[in-house]
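The next block holds one structure in the form of structure tokens; read it before the comments.
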Amino acid sequence: MTRVRDEHVLIPESDLEGVSVDTLAVRAGQIRTDQLEHSDAIFPTSSFVYGSAAQAAARFGGDEPGNIYSRFTNPSVQAFEARIAAMEGGERAVATASGMAAILSTCMALLQQGDHVVCSRGVFGTTNVLFQKFLAKFGVETTFVSLTDLDAWKAAVSDSTRLLFIETPSNPLSEVADMQALADLAHQHDALFVVDNCFCTPVLQRPFEFGADIVVHSATKYLDGQGRCIGGVVVGPNKLMDDVYGFLRSAGPTMSPFNAWVFHKGLETLPIRMRAHCENALELARWLEARPEVERVYYSGLESHPQHELAKKQQSGFGGVLAFQVRGGREAAWSVIDATQIISITANLGDVKTTITHPETTTHGRLSAEDKVSAGITENLIRVSVGIEAIDDLKADLARGLDALAR
């Protein structure tokens, strides 16, 4: 590791060749000023000054590297981008204002009128709305298929298909896609394969190793891990990221320096947090599966999960999000949720605090009744993002409502 830097520069990635993702989470993307601070500096500025008019012209013209304006160049944002790119194993990352901005920026940069997208039904409800309602206004058609039905993917792909988009594991049913098979299918048709890696993060899953072209995240979730900031990021090869960056520079769905600094620091603890989430979630899933008030538990770490073996192949852990169906309808689900005293009733996920929500009326509430049925979003479904509290306390909290159902 180079010990001294005399300007605002990223420590070269060559210093970190061959290290594990745990070390990258702490050391990649470090930025030092001439003060040689140990903790990364934050750069809360809108613009940057130049030594001369000629230097300003050179930077604006692209003839000289350096910071210009924080809508598209800021050291705090660049440090976060460098760290998450290194962790994912991608060439470059582009940070955005939110996870949805990351998906939108990818689509606006790489799609055009007449293009076709194939998307899994098992995505965040707003992702569905973005494709189905808004991108359709600009002549981009989307076909939704089952995440796990490879034949359906093959049937949906056409000559105009430019992008295959998935979340794996899916939200909220923890379905797992065969990424290599979908990557091969995309590339056979000169299409791009995009993976939302929000649920696993690069600690548990690295989609580039299975053929993905682009990886997106809602940094709001596990990358922060403490529910403090909104942000997103797109990771991929330089050629594609040049286009994504070009859209961001012009349209402005930009990550703020402060949020980037928070995410950058959050990544330092991501590996240990993800392992704690996984441990708690697996134990809670097994406990729920044994409860008579529960019809079914959706968690890829369970041996009963239909893609359990595939998940073991692609993931080093099963994540912190699970869902379960209670016996009864919406009223029963709501009663279980309302009985909790420790768990937070909120639609966010990826927090160290356990959260609980009713997808049918929250995260997927804007979907049509038909789309909800297709995506498996039932009235008796509950999603839990398992935090890092004591597992016995989480069981006791959920037992309040489940015991009431039993009575």
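Tabulated results
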{"quantity": "Candidate set from the stretch 109-167 (those that are outside any helix (DSSP H, G or I) and of a type in the set (Asp, Glu)); member that is farthest from THR357 (Cα to Cα)", "calculated": "ASP159"}
{"quantity": "Qualifying residue in the stretch 300-321 (condition: under 20 Å from PRO169 (Cβ atoms), of a type in the set (Ser, Thr, Tyr) and crowded, with 18+ Cβ neighbours inside 10 Å)", "calculated": "yes"}
{"quantity": "Any hit, the stretch 241-255, residues being part of a strand (DSSP E or B), in contact with a strand residue (DSSP E or B) (Cβ under 7 Å, 6 or more places away or on another chain) and within 16 Å of GLN78 (Cα to Cα)", "calculated": "no"}
{"quantity": "Close pairs (7 angstrom Cβ cut-off, 6 or more residues apart or separate chains): closer than 19 Å to ALA219 by Cα in the stretch 13-28, open to solvent by 30 Å² or more (accessible area, probe 1.4 Å) and at pLDDT below 95 anywhere", "calculated": "ALA28/GLU13"}
{"quantity": "Residue, farthest from ARG273 (Cα to Cα), within the stretch 17-42, restricted to residues that are open to solvent by less than 60 Å² (accessible area, probe 1.4 Å) and modelled with pLDDT under 85", "calculated": "THR33"}
{"quantity": "Residues being surrounded by 20 or more Cβ atoms within 10 Å (Cβ to Cβ) and assigned to a loop (DSSP other than H, G, I, E, B) - total across the stretch 210-229", "calculated": "9"}
{"quantity": "Test: PRO292 is in contact with a Lys or Arg (Cβ under 9 Å, 6 or more places away or on another chain) and under 17 Å from SER385 (Cβ atoms)", "calculated": "no"}
{"quantity": "Flag for PHE124 being out of contact with any strand residue (DSSP E or B) (no Cβ under 6 Å at 6 or more places or on another chain), modelled with pLDDT under 95 and open to solvent by 10 Å² or more (accessible area, probe 1.4 Å)", "calculated": "yes"}
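Yes/no matrix, rows are residues, columns are (1) open to solvent by less than 20 Å² (accessible area, probe 1.4 Å); (2) without any contact (Cβ under 8 Å) to a residue 60 or more places away in the chain; (3) under 27 Å from ARG71 (Cα atoms):
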| site | (1), (2), (3) |
| --- | --- |
| ARG273 | yes, no, no |
| LEU284 | yes, no, no |
| TRP287 | no, no, no |
| ALA290 | no, yes, no |
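The values are calculated or read from the model by the stated rules, or taken from the named source; none is laboratory data. Model, not experiment: these values are computed from the prediction. Backbone-built Cβ (ideal geometry, glycine too); neighbour counts: all protein chains shown. For accessibility, only protein heavy atoms count, side chains too; no ligands or nucleic acids. Shrake-Rupley method; radii C 1.70, N 1.55, O 1.52, S 1.80 Å.
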